[in-house]
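The values are calculated or read from the model by the stated rules, or taken from the named source; none is laboratory data. Only a predicted model underlies this, so the values are computations on that prediction, with no experimental measurement involved. Counting neighbours? That spans all protein chains shown, and the Cβs are built from the backbone with ideal geometry, glycine included. Ligands, DNA and RNA are excluded from the accessible area calculation, which covers all protein heavy atoms including side chains. Shrake-Rupley method; radii C 1.70, N 1.55, O 1.52, S 1.80 Å.
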Amino acid sequence: MNQELFLSSQVDLKAARSLKERLIKALFFFCAAVSILTTLGIVGILIFETWNFFGKVSFKQFFGDTQWTPLFAQKHFGVWALISGTALTSFVSIVTALPLGLLAAIYLSEFASKRIRSFIKPSLEVLAGIPTVIYGYFALTFVTPCLQKIIPGLAGFNALGAGIVMGIMILPIIASLSEDAIYAVPPSLKEGAYALGGNRLATIFRVVLPSSFSGIGAAAILGISRAVGETMIVVIAAGQQPNFTLDPRVAVETMTAYIVQVSLGDTPTGTLEYQTIFAVGMTLFIFTLALNLGAHHLRRNVLKGSL
Amino acid sequence: MLKQDIKKPKNIFRSPKMRSDNLKAWFGSHEALNEISLSIPTFHVTAIIGPSGCGKSTFIRCLNRMHEVVPGTRIQGNVYLDEVDIYGSSINPVNLRKRVGMVFQKPNPFPTMSIRDNVLAGLRLQGMKTYDSDEVVEKALVRAALWDEVKDILKRPGLSLSGGQQQRLCIARALALEPEVLLMDEPCSALDPIASAKIEELIHELRGKYTVVIVTHNMQQAARVSDVTAFFYMGKLVEFDYTEKIFTNPKYKKTEEYVTGRFG
Ligand SMILES: Nc1ncnc2c1ncn2[C@@H]1O[C@H](COP(=O)(O)OP(=O)(O)OP(=O)(O)O)[C@@H](O)[C@H]1O
Ligand SMILES: [Mg+2]
């Protein structure tokens, strides 16, 4: 009798446990599903609204014009004005961040002592944790005034200051991913270079950096991708003027900044003006997706060890 | 044997190319070499044998100051190249390594470089211009017995070669710098018998023009290629003599046991 009871409770326990396991499994599945569904939902709405937009505005008006004035009476939908703003600020940021990040990575992996390393690495992480709105004010109230002293004719709102500060923002990603890439270079290659009479610098530039090219490329692309999607800094410091220009001294408007401008304004939903943000959002999404895929491809190469 | 081509002088140890004097080496607190004094005869082949972990690699890495590349290492004692102390304060290890080349146990061609660029890597690392270096490339590859196999594919990546070819490429890379001494750390351990035979042939050809030091686990190979042999055991130099002597009539029991394969 006792034995039976014991056995049956044992079975109950087992059933309960398996039920619990199934519930937990379902919960995890639900969580995973939520993120997938959210993504699908976002992409779906983007596609839907973009489709509506292109029902009213032709591709030619969108991609064949360089003026962007959808909020004015005289409407132009030349998205190139926004793309150029995004490209310009991102370009300035990567030109700032790549050399600095690479030098930091080389220093950290090849020269820094353990003590210095343990000090610099967390500092970089702090840099990564600063809210972007603070970067924005830093660009507007400190970097731009400084730059105006050296560069005459620099506007108060400009692509240069915003881009440089964005470069500082993406510096930690670039430095840390590049450092990983440099670390992954087998010591046997470095020893090979030393044994051929190479000094430290020659070894770094002729052997270590070329061998970590994929990883550094991936770091750069991810950095650009962050810069392309960055919003707050450019909203605050680059000036919200959709100039089609490659002159970093003047004000520009990026795709992200335009979306903010419309979202914060009093544009009624469902209007053409409102739908522009979805078309711009779609364009932005395609850009960052392409960049992330490129970076992913390069990083996979790194992990596989092929170059 | 090819060895008979070269007449052996009475005492080849008299004016050594390199010489270590009471050399000690550490990894952290672990002593890997204990008072090694050994003379490496000029233009001859010196073999270093001994069981795994006895300090063979450590010893030859002290000869081109590669030991200090590993963090936490230290040496004591002296090493001379042409009777100049290579650990002297005026010696730049980078310049030393131009004269004392090294081939590693595992082939390590530079993965981003073509076959041709691998051969020229040393010159470029040393900051030399290599505009018209076809001759250098051909000469080094011919010497490393690789030219015939790669002369039509010089632009291909060095890594596209087989393991044995890669090792010969690394030898060519070292030879392109015309070093006075060539250190080889188990150059054949990753190779099949045919590729090993080619490298042994190469070592025969280097004799008389270069000073070669080769670490090997292969007793037959040591007997075939070397003029003198050093037997290391637990960080100490047990016996050092003409190769024939070591293999036929060694002074110490330990040596005899090792070369006859009774331990190790
Ligand atoms: N990087 C290192 N860090 C710490 N100890 C090391 C290191 N390399 C070698 N050693 C130690 O130094 C000693 C000598 O090593 P070494 O590599 O010179 O031996 P070896 O004779 O070349 O052996 P093998 O025939 O296996 O290559 C060994 O006891 C080894 O454990
Ligand atoms: Mg070894």
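Consider a paramagnetic label point 7 Å from the Cα of A:Gln241 along Cα→Cβ; state which residues of segment A:74-95 have an amide N under 17 Å from it.
Answer for segment A:74-95: A:81-86, A:88-89.
Across segment A:172-183, in residue order, what do the Karplus-derived ³J(HN,Hα) couplings come to in whole Hz, using 6.51 cos²θ - 1.76 cosθ + 1.60 with θ = phi - 60° and x for Gly and Pro?
Each residue's phi maps through the Karplus curve to give x, 4, 5, 5, 6, 5, 5, 5, 4, 5, 5, 4 Hz.
Cα to Cα, under 26 Å, and not fewer than 8 places away if on the same chain: which lysines meet these conditions relative to A:Lys75?
By straight Cα distance, A:Lys75 reaches A:Lys56, A:Lys60.
Would you list which lysines come within 29 Å of B:Lys245, measuring only between C-alpha atoms, while excluding same-chain residues fewer than 8 positions from it?
B:Lys3, B:Lys7, B:Lys8, B:Lys10, B:Lys17, B:Lys24, B:Lys56, B:Lys198, B:Lys209, B:Lys236, B:Lys253, B:Lys254
Could you list the chymotrypsin sites (Phe, Trp or Tyr not before Pro) in segment B:78-172 that lie in coil according to DSSP, counting only those with at most 16 other Cβ atoms within 10 Å of their Cβ?
Taking segment B:78-172 and a limit of 16 other Cβ atoms within 10 Å, the loop chymotrypsin sites (Phe, Trp or Tyr not before Pro) found are B:Tyr131.
If the reach is capped at under 15 angstrom between alpha carbons, list the aspartates and glutamates near B:Lys106, excluding any in the same chain fewer than eight residues apart.
Once the sequence-local aspartates and glutamates are set aside, what remains near B:Lys106 is A:Glu191, B:Asp185, B:Glu186, B:Asp192.
Using 1/(1 + (r/R0)^6) with R0 = 41 angstrom and r between the beta carbons of A:Arg117 and A:Phe213, what's the FRET efficiency to the nearest 0.05?
In this case the efficiency is close to 0.95.
What are the trypsin sites (Lys or Arg not before Pro) within segment A:24-108 that DSSP puts in a loop, where the Cβ has at most 15 other Cβ atoms within 10 Å?
Here the sparse-neighbourhood loop sites are A:Lys75.
Taking amide H positions as placed in the peptide plane 1.01 Å from N, state which residues far from B:Tyr233 in sequence (5 or more) or on other chains have amide H under 5 Å from it.
Amide H neighbours of B:Tyr233: B:Val238.
Give me the tail of P(r) for the protein assembly as shown as a percent: Cα-Cα pairs with distance above 38 Å.
52
Determine Rg/Rh for chain B; Rg is computed over alpha-carbon atoms and Rh is the Kirkwood hydrodynamic estimate from the same atoms.
0.96
Extending each Cα 7 Å along its Cβ direction at A:Ala128 and B:Arg74, get the distance between those two points in nm, one decimal.
3.7
At B:Ile194 and A:Phe30, where each label point lies 7 Å from the Cα along Cα→Cβ, what is the point-to-point distance in nanometres?
6.6
Which trypsin sites (Lys or Arg not before Pro) does segment A:79-156 hold that lie in a coil by DSSP with at most 13 other beta carbons within 10 Å?
For trypsin sites (Lys or Arg not before Pro) across segment A:79-156 that sit outside H, G, I, E and B with at most 13 neighbouring Cβ atoms in 10 Å, the list is empty.
Per residue of chain A, what 222 nm ellipticity follows from adding -39500 (n - 2.57) for every DSSP H run with n ≥ 4, rounded to the nearest 500?
When only DSSP H runs of four or more count, the value is -24000 deg cm²/dmol.
Return, for the Cα atoms of segment A:80-306, the radius of gyration and Dmax in Å, separated by a comma.
Taking only Cα atoms of segment A:80-306, I get Rg and Dmax of 19.8, 70 Å.
Go through A:His297, A:His76 and list them by solvent-accessible area, largest first, probe radius 1.4 Å.
Most to least solvent-accessible, the answer reads A:His297, A:His76.
Per-residue HN-Hα couplings for segment B:83-88, Karplus 6.51 cos²θ - 1.76 cosθ + 1.60 at θ = phi - 60°, whole Hz, x for Gly and Pro?
Result, rounded to whole Hz: 6, 10, 5, 6, 9, x.
How large is ³J(HN,Hα) for each residue in segment B:171-180, as worked out from phi by the Karplus curve 6.51 cos²θ - 1.76 cosθ + 1.60 (θ = phi - 60°), to whole Hz, x for Gly and Pro?
My calculation for segment B:171-180 gives 5, 4, 4, 6, 5, 4, 8, 6, x, 7 Hz in order.
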